[in-house]
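Everything below concerns the one structure shown next.
The values are calculated or read from the model by the stated rules, or taken from the named source; none is laboratory data. A quick note: this is a predicted structure, and the numbers were derived from the prediction, not measured. No Cβ is skipped: glycine too gets one built from the backbone with ideal geometry, and neighbour counts run over all protein chains shown.
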Amino acid sequence: MNVLTECDKYPGRLREICRGTADLPPEKINAYRHRMGLKPFDLNDTTFTGFSKPKSLHRKPEVEKKRERKIPKQRRKGGCCGGKHRKQVRNSRSKPAAEKVALGPGSHLKQLLSKLGVEPAPNCSCNLLIEIMDDLGSVGCKLWRASLLKLMHKNQEKYGWSTYLRAGVGIVLLGWTFKINPANPIPDLFDWAVRLAEQDEL
């Protein structure tokens, strides 16, 4: 079976990854093909022209260093510079502020589903989808929204009615009914995860 034939069953973005024409490093494409159960491309084969030059689809968040707040020295009444303020400065330096960890759209989607009690099924490509969404970033997920939603609906078929019931109850109990349609939650969950990733990228 040639590359074109074996990749026809995948939608949009996944088809490009399968064929090696996606804008990802060759090593990453081969890793995805391995997850798909396909033979990796020969990186030493100079006749293969499928690999595209990788390009960034989303802006990586810049981690800014928080400046320490300098506490001005104050003179105590009837004495010299107080040790109280020096102690405050030492305490502020000994407790560095925790840096916020930026998550991709796929990781945010996984967290949202986990809160609803939905975990990746053993026979679905859920974890692969999460990795692809993280690689695409918020901008790429918007561009490939239709293809990614198609794959999500395909994975949805791997779950039983008990999972749907649990997710529906979770949406109501968490007060998410104003954000998510319990009858068809996938598009709303996808868009919510992308918005959360956009906030992390600021």
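Descriptive notes on the structure:
- Any hit, region 161-176, residues being out of contact with any helix residue (DSSP H, G or I) (no Cβ under 8 Å at 6 or more places or on another chain) and closer than 25 Å to P11 by Cβ: yes
- Residues in region 148-202 that are aliphatic (A, V, I, L, M) and without any contact (Cβ under 8 Å) to a residue 24 or more places away in the chain: L165, V169, V172, L173, I180, A183.
- When E64, E119 are checked against the criterion of being farther than 30 Å from Y164 by Cβ and either out of contact with any Leu (no Cβ under 9 Å at 6 or more places or on another chain) or modelled with pLDDT of 55 or more (or both), a single residue qualifies: E64.
- Qualifying residues in region 132-158 (those that are acidic (D, E) and surrounded by 17 or more Cβ atoms within 10 Å (Cβ to Cβ)) - the one nearest to Q199 (Cα to Cα): D134
- Test: residue in region 162-175 that is surrounded by fewer than 16 Cβ atoms within 10 Å (Cβ to Cβ) and polar (S, T, N, Q): yes
- Consider region 117-147 and keep the residues that are touching a residue at least 60 places away in the same chain (Cβ under 8 Å) and more than 13 Å from the chain's Cα centre (by Cα). The one that is nearest to I29 (Cα to Cα) is S125.
- Residue selected from region 176-192 under the condition hydrophobic (A, V, I, L, M, F, W, C) and surrounded by 13 or more Cβ atoms within 10 Å (Cβ to Cβ), by the criterion nearest to Y159 (Cα to Cα): I186
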